[in-house]
Amino acid sequence: MALRHVVLLGPPGAGKGTQAKQIINELGLVHLSTGDILRDEVSRETELGKTAKGFMDRGDLVPDQLIIDMIRGRIEAADQGFLLDGFPRTTAQAEALAAFATIDVVLNIGLAREEVVRRLAGRRVCRDCGAIYNLTFNLAEGETTCAKCGGELYQRDDDKTEVIANRYDIYERSTAPLIEYYTRQGVVRTLDGAAGSENVFSEILELLSA
Ligand code: AP5
C-alpha cells in the first residue's frame, strides 16, 4: 500500500522544502509547510501573521497551540494524503497530531550544522512560485530573477547568520527528540541530506514506493 501520510523531519536547511516540491509532483500528496503558511500570514498582515512574525524573525518557534490550530483543518481536509514539512516540531505538536491523524512514514533528512549555515546563507527564494535556489550550487552571483517564472528572488529574514545559529540550537533542543519519538513507532527512515538533491530524491521515491 502506498504511503500517503508522510512527515519530513530535519534541521533548517536540510532540504525539506526542496524535496517536498518534487515529492508532491510525483505522488500527488498535499504539501503542508507550516513555514510557508506562516510566511503567507505574515505577508498578508493577518492577526496570526503579526503574532508569528516576532518569533520567526528571531528564529524561535511559534507557540504550539497557534500552530496546531492553524494546521489541523488542512491536514483533515487532505483526503488524497499529505506531506508535512516543518510540522510537528515539538513533542507537544506530535502528540496533538497523533490525536487526529496517523503517520505512515517519517523521512528524517540529516545535515551537519556547518553545512546548514553555508546553505541557508546562500539560499534565495522566488517570491512568486516559491522555487528554491542556492548561490553555492545553482544560482549565479547577482542573479535576481527566477529561472522558472521570472519572479523576484529574495533572502528570507531568518536566513541571516545570527538567526540561523538560534534556529539550529532550537532544532537540536525541541525537534531532534522527535526522531526518537517516531523511531519508537517504527516509522523513521533516515537520509543523508549532504548527498545531492537528486540523490536524496531518488532515495525518497524508493522508500515511498517500497
Ligand atoms: P520553516 O520554513 O519550516 O524553516 P526550517 O524548518 O528552518 O526549514 P527551511 O525552510 O529553512 O529549510 P529546508 O529544510 O526546507 O531547506 P531548503 O529545501 O530550503 O520555518 C520557519 C519558521 O517558522 C521557524 O523558524 C518558526 O519560527 C516557524 N515555524 C514553522 N513551523 C513551525 C512549527 N511547526 N512550530 C513552531 N514554529 C514553526 O534547502 C536549503 C538550501 O539548501 C536551499 O538553498 C537549497 O537550494 C539547498 N539544498 C537543498 N537540498 C540540497 C542538497 N541535497 N544539496 C545541496 N543543496 C541543497
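The values are calculated or read from the model by the stated rules, or taken from the named source; none is laboratory data. Just so it is clear, the structure is predicted and the values come from calculations on it, not from any experiment. All Cβ positions, glycine included, derive from the backbone under ideal geometry; neighbour counts span all protein chains shown.
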| task | Test each condition in (1) touching a residue at least 24 places away in the same chain (Cβ under 8 Å); (2) part of a loop (DSSP other than H, G, I, E, B) for L120 and report the one that comes out false. | result | (2)
| request: Determine whether E162 is loosely packed, with under 12 Cβ neighbours inside 10 Å, modelled with pLDDT of 95 or more and closer than 20 Å to R113 by Cβ. | output: no
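Return yes or no: is R119 among the charged types (D, E, K, R) and surrounded by 14 or more Cβ atoms within 10 Å (Cβ to Cβ)? So that I can check it myself, show each step before the final result.
Details: among the charged types (D, E, K, R): yes; surrounded by 14 or more Cβ atoms within 10 Å (Cβ to Cβ): yes.
Yes; evaluated as a whole, the condition is true for this residue.
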| note | Pairs returned, first residue in region 12-27 that is closer than 14 Å to S209 by Cα, second residue that is basic (K, R), beta-carbon separation under 9 angstrom, 6 or more apart or interchain, are L27/R4
| remark: Taking region 174-193 and keeping only residues that are over 16 Å from the mean Cα position of the chain (by Cα) and either of a type in the set (G, A, S) or within 13 Å of the ligand (Cβ to nearest atom) (or both), one is left with G186
| message | Among the residues that make up region 135-152, is at least one of them within 28 Å of R72 (Cβ to Cβ) and buried (at least 18 other Cβ atoms within 10 Å of the Cβ)? | response | no
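Tell me whether region 132-141 contains one or more residues that are of a type outside the set (V, I, T), under 19 Å from the mean Cα position of the chain (by Cα) and within 13 Å of the ligand (Cβ to nearest atom). Steps first, answer last, please.
Restricting attention to region 132-141, the residues satisfying the condition of being of a type outside the set (V, I, T) are 133-135, 137-141.
Keeping just the survivors that are under 19 Å from the mean Cα position of the chain (by Cα) gives 133-134.
After this cut, where a residue has to be within 13 Å of the ligand (Cβ to nearest atom) as well, the list is 133-134.
For region 132-141, residues of a type outside the set (V, I, T), under 19 Å from the mean Cα position of the chain (by Cα) and within 13 Å of the ligand (Cβ to nearest atom): present.
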| Has region 63-84 got at least one residue that is under 25 Å from E26 (Cα atoms), modelled with pLDDT of 95 or more, crowded, with 18+ Cβ neighbours inside 10 Å and among the β-branched types (V, I, T)? | yes
| Among all residue pairs at least 6 apart or on different chains, which show Cβ distances below 6 Å where the first residue, located in region 173-196, is touching a residue at least 40 places away in the same chain (Cβ under 8 Å) and the second is more than 14 Å from the ligand (Cβ to nearest atom) and not aliphatic (A, V, I, L, M)? | V188/Y182
